[in-house]
Every structure is written in C-alpha cells, then in structure tokens.
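The values are calculated or read from the model by the stated rules, or taken from the named source; none is laboratory data. Bear in mind that the values here come from a model prediction, so they are computed numbers and not experimental data. Don't worry about glycine lacking a Cβ; one is built from the backbone with ideal geometry, like all the others, and counts go over all protein chains shown.
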Amino acid sequence: MDLFEKFNKDMVTAMKEQDKERLTVLRMVKGAMQLEHINNKKEMNEELLIDCVGKQIKMRNDSITEFEKGNRTDLIEKTKEEIKILNDYLPEQLSEDEVGAIIDEAFSKVNPTSSKEMGLIMKEVTPKLKGKTDMKKVSEIIKSKLA
C-alpha cells in the first residue's frame with residue numbers, strides 16, 4: 001500500500017474513531033493537496049502528498065519557533081503532536097551517511113569550481129532527496145562543502 005492509499009484509509013479511520021486531532025491534521029493536508037491540484041493542475045498522487053506534508057511540517061516548525069518566542073508551551077506541544085502525525089505520511093527518512101553519499105556523488109558528477117554552481121548541485125540531489133530528508137540541512141551541507 002502506498003502512502004496516498006494509507007493517507008485516505010487513515011482519514012476514514014480517523015472519522016470513524018472520532019480522532020479529532022488526527023482528522024484535523026489530515027484534513028489540512030487534504031485541503032492543501034486539493035488547492036495544489038486546482039491551482040497548479042497537479043495530479044492527486046503520492047508525490048503531491050509528500051510535497052504537501054513537507055510544507056505542512058515546515059510551517060509547523062516555523063510556528064514552534066514563534067511560539068517559543070512567545071513562551072506558549074501549550075501550543076508548542078500541540079504543534080509537535082501534529083508534526084508526529086504528519087511524519088507518518090513521509091517516506092522513510094535517510095540517514096546522514098546516505099545523504100552525504102548522494103551529495104558526494106553529485107559533487108563528483110558536477111565538479112563545481114565555485115559557490116555559484118550550488119544550483120546545479122541542488123538540481124542534481126533534489127529528486128533523490130526531496131521528502132526523504134530536510135532540504136534545509138542538505139543546502140547547508142552543500143554550502144559548507146563549496147566554501
């Protein structure tokens with residue numbers, strides 16, 4: 001069963017079991033997917049699900065940062081629970097070693113001579129890493145290797 005099927009089945013299960021927290025999070029993701037589907041003519045599939053879940057997690061991580069500034073521990077905990085739910089719909093995350101190996105492979109393929117070629121390296125690694133690791137960390141690793 002792929003992630004998209006799992007997502008749909010879990011949504012039905014959450015409705016039947018009246019799991020309001022999970023259902024709310026899943027509905028937010030479904031709404032984001034439908035918006036992408038309508039606005040950008042993207043097909044409703046696993047790739048779109050992974051993309052939308054990644055964006056939702058990023059938004060919640062940004063929210064946690066803001067809640068910490070406001071000293072709102074209640075909202076921090078709620079948001080962390082939502083992130084745990086969302087992580088169920090991402091593919092298995094790669095280890096740092098696996099990410100490093102993919103980045104090294106891209107470096108040997110592109111042979112960058114300056115930091116201006118970071119876009120070429122990102123273009124090479126993004127299809128292999130998107131949804132499987134934090135792309136912000138990938139960007140930082142590439143920047144440090146180019147420096």
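Observations on the structure shown:
- Filtered residues of the stretch 1-29 (kept if out of contact with any helix residue (DSSP H, G or I) (no Cβ under 7 Å at 6 or more places or on another chain), of a type in the set (Lys, Arg) and within 20 Å of Pro91 (Cβ to Cβ)): Lys6, Lys9
- Selected residue [assigned to a helix (DSSP H, G or I), without any contact (Cβ under 8 Å) to a residue 40 or more places away in the chain, assigned by TED's automatic domain parsing to the domain that holds Ser63 and out of contact with any strand residue (DSSP E or B) (no Cβ under 7 Å at 6 or more places or on another chain)] from Lys137, Lys80, Lys116, Lys128: Lys80
- Of the candidates Leu86, Leu23, Leu49, Leu94, the single residue that is touching a strand residue (DSSP E or B) at 6+ places or on another chain (Cβ under 7 Å), surrounded by 15 or more Cβ atoms within 10 Å (Cβ to Cβ) and not charged (D, E, K, R) is Leu94.
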